[in-house]
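J.: Mind having a look at this structure? Questions to follow.
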Amino acid sequence: MTITNGISLFLKFNKLSTYITPIWKWLSDLEPSAFIALLALITTLITFSITSMNNRKTSFENLFFHLISLLREILKLDENSSNHIKSILQTIDKESMDKLKKNNDNIKLNIYVDNEELIHEFFITLENLELKSESKKRMLIMKDTSSTEKRDIRKAPYLIEIKNIEDLETYSLSTNKYETFPNAHHSSDPLIMENFTEELYHFCVAPDGYSEDLFTLFNTPSKKKAVSNHIKKLCEEFPCKKQNLIDIQNKMFSIFTDNDARFQTEIPEDDKKTIVSDFLSKNEFGSFFRTVHRIIKIILNFSVLKRSTTINKYLGILRTQLSEEQLILLFYNAEYTKRGEKFKNIVSKVNLWGDSDELDTSDNKEPTHFKSSALIWPDSDLKILRQSYIYK
């Protein structure tokens, strides 16, 4: 013991002595019979306190294990089974993903609408340059009237410069799209197929529409490379248009390459609450939720001193009754439904899903009592669990 510690202890003892001394003086002045009676009273009070505590503990454990038995019976019901709950969680997950896609599709649609003029310019520019290129080839073929090569060529109307992007659809629907060179035999397999711009256009007017398909086009490596190569060839054939082609390519790639924070990675909290509440309200989990609520409540009421060892002992017994799916369902009820608000108020005072160490997922660790992959929104759900459901 250091001198400083010794002095501190001496001062503390001196402080206590100011209270102990008069009490000791009072006790020493008592008659022997009175002193013995006082000791008997103190002994009786201590015995009564211990007996009362033991009786309370016995009463608590009787109720606790009665509720645990009741919970086991409730969990045997099909509607509370792990398989049923797992299917509910998967359905919620699918609904969430559908909502997420719809939200992001709306963002893509708005981006498309905001840049519609540039998109039209992109297709019209490429198509007209390709038509000019085809016109040159057609003229060369026409000059060589003695050619017997099987060669299908486009009809003259198709070679007229287009003004509107809708013309691509009109031309593509033409049944007389090709004519055969006069001196050539008819070919059932035309050598001149739809050009590259037409292929791009047809891809982008698929059922999902421009807004979705343009993002797919410019975020698919093979397609993106094909576009770049095509524009490169047109730059070589029409050097006077090179800068214009490069500019339009850069703008399109910049607008439709999905490499920023424009899109949601998870649906908003309000949407989560709506979806979870909707699905949980359709299923009869009431007896399950109420029983677990009651068990945790009596654990807290018994642990007057809030001793973590006592709470964790009985909480551990409760947790061993629950499957991973049942444990996770309790979290979604507490966090995302209105009827789970009271449950959240009490469950936030215990570590039902684990303490800070058990919920530590750094260094690619998994939570102790469940797998993070079983959560619907793993990143945000784990964050919420660590922030709001660990008893400080």
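The values are calculated or read from the model by the stated rules, or taken from the named source; none is laboratory data. What you are looking at is a predicted structure, and each value in this text was computed from that prediction instead of being measured. Using ideal geometry, Cβ is built from the backbone for each residue, glycine included, and neighbour counts are taken over all protein chains shown. Just so you know, the surface numbers come from the protein's heavy atoms only, side chains and all, with ligands and any DNA or RNA stripped out. Shrake-Rupley method; radii C 1.70, N 1.55, O 1.52, S 1.80 Å.
J.: What residue, of Asp355, Asp363, is free of Cβ contacts under 8 Å to residues at least 60 places away in the same chain, exposed (fewer than 12 other Cβ atoms within 10 Å of the Cβ) and over 29 Å from Asp270 (Cβ atoms)? Explain how you work it out, then say what you get.
T.: Numbers: Asp355 fails: exposed (fewer than 12 other Cβ atoms within 10 Å of the Cβ).
After applying the criteria, what remains is Asp363.
J.: Follow-up question, since we're still on this one. Is there a residue being at pLDDT 95 or above and within 17 Å of the chain's Cα centre (by Cα) anywhere in segment 348-364?
T.: no
J.: Right, next: May I ask you to say which residue of Asp114, Asp93, Asp98 is open to solvent by 50 Å² or more (accessible area, probe 1.4 Å), over 28 Å from the mean Cα position of the chain (by Cα), modelled with pLDDT of 90 or more and more than 20 Å from Phe203 (Cα to Cα)?
T.: Working: Asp93 fails: over 28 Å from the mean Cα position of the chain (by Cα); Asp98 fails: over 28 Å from the mean Cα position of the chain (by Cα).
After ruling out the rest, the residue left standing is Asp114.
J.: Would you check which residues across segment 223-246 are exposed (fewer than 13 other Cβ atoms within 10 Å of the Cβ) and within 34 Å of the chain's Cα centre (by Cα) and list them?
T.: Hit for segment 223-246 is Lys225, nothing else.
J.: Counting only residues that are under 12 Å from Leu385 (Cα atoms) and either over 17 Å from the mean Cα position of the chain (by Cα) or of a type in the set (S, T, N, Q) (or both), how many does segment 331-347 have? Working first, answer last.
T.: Pass one, segment 331-347, residues under 12 Å from Leu385 (Cα atoms): 331-332, 334-335, 344, 347.
Within this subset, residues satisfying the condition of being either over 17 Å from the mean Cα position of the chain (by Cα) or of a type in the set (S, T, N, Q) (or both) are 334, 344, 347.
Here the count works out to 3.
J.: Just the residues that are over 19 Å from Lys338 (Cβ atoms), open to solvent by less than 60 Å² (accessible area, probe 1.4 Å) and free of Cβ contacts under 8 Å to residues at least 24 places away in the same chain, please, taken from segment 277-304.
T.: Correct list: Ser303 only.
J.: Sticking with this one: From the list Thr274, Thr220, pick out the single residue that is over 30 Å from Ala334 (Cα atoms), within 28 Å of the chain's Cα centre (by Cα) and surrounded by fewer than 18 Cβ atoms within 10 Å (Cβ to Cβ).
T.: Going through Thr274, Thr220 in turn, just one is over 30 Å from Ala334 (Cα atoms), within 28 Å of the chain's Cα centre (by Cα) and surrounded by fewer than 18 Cβ atoms within 10 Å (Cβ to Cβ): Thr220.
J.: Additional query: Among all residue pairs at least 6 apart or on different chains, which show Cβ distances below 6 Å where the first residue, located in segment 119-135, is under 14 Å from Glu237 (Cα atoms) and open to solvent by less than 10 Å² (accessible area, probe 1.4 Å) and the second is among the hydrophobic types (A, V, I, L, M, F, W, C) and assigned to a helix (DSSP H, G or I)?
T.: Within 6 Å, the pairs are Leu129/Leu234; Leu131/Leu159.
J.: All but one of (1) modelled with pLDDT of 95 or more; (2) farther than 22 Å from Ser81 by Cα; (3) assigned to a loop (DSSP other than H, G, I, E, B) hold for Ile376, so report the exception by its number.
T.: Status for Ile376: all satisfied but (2).
J.: On to the next question. Look through segment 305-322, keep the residues that are outside any helix (DSSP H, G or I) and free of Cβ contacts under 8 Å to residues at least 24 places away in the same chain, and return whichever of them is farthest from Lys383 (Cα to Cα). Steps first, please.
T.: The initial filter retains those residues of segment 305-322 that are outside any helix (DSSP H, G or I), namely 305-307, 321-322.
Next, from what is left, pick out any that are free of Cβ contacts under 8 Å to residues at least 24 places away in the same chain: 305-307.
Working: Leu305: 29, Lys306: 25, Arg307: 26 Å.
Residue satisfying both the conditions and the ranking: Leu305.
J.: Counting just the residues of segment 247-268 that are surrounded by 14 or more Cβ atoms within 10 Å (Cβ to Cβ) and within 12 Å of Phe122 (Cβ to Cβ), which one comes out nearest to the chain's Cα centre (by Cα)?
T.: Per the criteria, the residue is Phe256.
J.: Still on this structure, please answer the following. Restricting attention to segment 317-330, which residues are hydrophobic (A, V, I, L, M, F, W, C) and under 23 Å from the mean Cα position of the chain (by Cα)? If you could, list the steps in order and put the result at the bottom.
T.: Here is the first cut: in segment 317-330, the residues hydrophobic (A, V, I, L, M, F, W, C) are 317-318, 322, 327-330.
Those that are hydrophobic (A, V, I, L, M, F, W, C) and under 23 Å from the mean Cα position of the chain (by Cα): Leu327, Ile328, Leu329, Leu330.
J.: Let me confirm something: among Asp247, Asp271, which residue is within 30 Å of Lys392 (Cα to Cα) and in a helix (DSSP H, G or I)? Can you show your working first?
T.: Numbers: Asp247 fails: within 30 Å of Lys392 (Cα to Cα).
None of the other options fit; the residue is Asp271.
J.: Quick check: anything in segment 337-344 in a loop (DSSP other than H, G, I, E, B) and open to solvent by 30 Å² or more (accessible area, probe 1.4 Å)? Break it down into steps so the answer makes sense when it comes.
T.: At the first step, the residues of segment 337-344 found to be in a loop (DSSP other than H, G, I, E, B) are 337-340.
Narrowing further to those that are open to solvent by 30 Å² or more (accessible area, probe 1.4 Å): 338-339.
For segment 337-344, residues in a loop (DSSP other than H, G, I, E, B) and open to solvent by 30 Å² or more (accessible area, probe 1.4 Å): present.
J.: Is it the case, given these coordinates, that Glu325 is open to solvent by 10 Å² or more (accessible area, probe 1.4 Å), touching a Lys or Arg at 6+ places or on another chain (Cβ under 6 Å), assigned to a helix (DSSP H, G or I) and not basic (Lys, Arg)?
T.: Values: open to solvent by 10 Å² or more (accessible area, probe 1.4 Å): yes; touching a Lys or Arg at 6+ places or on another chain (Cβ under 6 Å): yes; assigned to a helix (DSSP H, G or I): yes; not basic (Lys, Arg): yes.
It is true that Glu325 is open to solvent by 10 Å² or more (accessible area, probe 1.4 Å), touching a Lys or Arg at 6+ places or on another chain (Cβ under 6 Å), assigned to a helix (DSSP H, G or I) and not basic (Lys, Arg).
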